[in-house]
Number of protein chains: 2
Amino acid sequence: MEEHLEKLRASGRKVTPRRKAIIQLFLQEQSDLSPQDVQEALSGATGQFGLPGIYRNLEVLTTCGILFRVVTYGGERRYALCKAGHGEGHHHHIVCIACRKVGKVSDCLYKDGMMVEGFRLVSHVVQLNGLCESCAREKNDLSALQELRQQG
Amino acid sequence: MEEHLEKLRASGRKVTPRRKAIIQLFLQEQSDLSPQDVQEALSGATGQFGLPGIYRNLEVLTTCGILFRVVTYGGERRYALCKAGHGEGHHHHIVCIACRKVGKVSDCLYKDGMMVEGFRLVSHVVQLNGLCESCAREKNDLSALQELRQQG
DNA sequence: CTCTAAACAGAAATAATTTCCATTTGGCAA
DNA sequence: TTGCCAAATGGAAATTATTTCTGTTTAGAG
């Protein structure tokens, strides 16, 4: 937790109860969450959480590198805790399709500047989906995979 | 155009004036388009195009491989003409950040099944952004790049 | 030419996201 | 510690995006 708050301070933002509650939630839930998920999870506990505030805070937490926005082909808005430490540079994430655990991918196969099909690469969006070690051991049936393969 | 209509027929869908008009639009505009862009472009020409119909058709055209949905970190809904021919398998696209030209990336560096950071890769989302040959020649000033680098 | 499943039109419902503004608060400076 | 002020909050309301529904039309097989 403290390491996350440090990122907030480093970017000149305030540490507020709301932000701590949201970070706490992401720490508990190991999955990625939509703004609606966050509202549902936090409502009741600490009074009401309005969606506007949640949007604002998810945005702030993403800006200062505490969360990242998961990329899907469907474009749904979902966030997860960024696994990179403060100051670490370019990286991507890989999400386990079974347990939603998030891993950090430091050495991306694509490097900005490289040539691809006649284009010079300037930026790239990469989101990997896979099975983490423990889930891979459990799931030797591939049926669930097929289902999830298309989700991006 | 005909090659696109063939994809429609191949998937058992009907070739309708609406669908032809949408494909035609994407053929003219070389950029990627949102449903709203499509509505604006097509309204007036052939009477009214309601957004519900546009959503439906963009979805259909995507399903049968004529369009693809561009992936961005922001999650906006934008479509572009798929560069892959009928029956071609797994591929990604690279978009020129200057002229929006789309290129096909057939041999992705990531392969499902490979191991990445302890995960077994099941699916992956890749969207590349770069400069096509002609734009790269023009733009030796990097200022525009910086601006676009974050867009995903 | 007929018939039928698929497509269309568009109103309306729903859901997602942003804007606004009055009130409160974290954290720095005195 | 206390006070200040920019930043954060709360929540209503506006806006925009997306889906659902229903009755009508049409592409294209036979």
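One residue alone among B:D107, B:D112 is outside any helix (DSSP H, G or I) and touching a strand residue (DSSP E or B) at 6+ places or on another chain (Cβ under 9 Å), and that residue is B:D112. I'd like to check something: does region B:75-89 contain any residue that is in contact (Cβ under 8 Å) with a residue 12 or more places away in the chain, hydroxyl-bearing (S, T, Y) and either more than 12 Å from chain A (Cβ to nearest Cβ) or open to solvent by 60 Å² or more (accessible area, probe 1.4 Å) (or both)? No. Checked across region A:41-58, the condition of being β-branched (V, I, T) and more than 9 Å from DNA strand D (Cβ to nearest atom) holds for no residue. Considering (1) more than 11 Å from every other protein chain (Cβ to nearest Cβ); (2) at negative phi; (3) of a type in the set (G, A, S), the lone condition that B:G103 does not fulfil carries the number (1). Screening region A:47-83 for residues that are closer than 18 Å to A:G12 by Cα and of a type in the set (A, V, I, L, M, F, W, C) and picking the one that is nearest to DNA strand C (Cβ to nearest atom) gives A:L58.
Residue count for region A:59-89, restricted to those that are assigned to a loop (DSSP other than H, G, I, E, B) and within 12 Å of the chain's Cα centre (by Cα): 8.
Which of the residues spanning region A:5-30 are over 15 Å from A:F49 (Cα atoms), part of a helix (DSSP H, G or I) and open to solvent by 90 Å² or more (accessible area, probe 1.4 Å)? A:R9, A:Q28 - these are the residues of region A:5-30 that are over 15 Å from A:F49 (Cα atoms), part of a helix (DSSP H, G or I) and open to solvent by 90 Å² or more (accessible area, probe 1.4 Å). Condition check for A:E59 on (1) among the acidic types (D, E); (2) touching a residue at least 12 places away in the same chain (Cβ under 8 Å); (3) under 30 Å from B:R69 (Cα atoms); (4) open to solvent by 40 Å² or more (accessible area, probe 1.4 Å): one failure, at (2). When region B:90-100 is filtered for residues that are facing another protein chain (nearest Cβ under 7 Å) and either in a loop (DSSP other than H, G, I, E, B) or among the basic types (K, R) (or both), only B:I97 remains. Residue count for region B:115-143, restricted to those that are in a strand (DSSP E or B) and more than 7 Å from chain A (Cβ to nearest Cβ): 1.
The values are calculated or read from the model by the stated rules, or taken from the named source; none is laboratory data. Predicted model, so just to flag it, every value in this text is computed and none were measured. Please note: Cβ atoms are built from the backbone with ideal geometry, for glycine as well, and neighbour counts cover all protein chains shown. We work out accessible area using only protein heavy atoms, side chains counted, and drop any ligands, DNA or RNA first. Shrake-Rupley method; radii C 1.70, N 1.55, O 1.52, S 1.80 Å.
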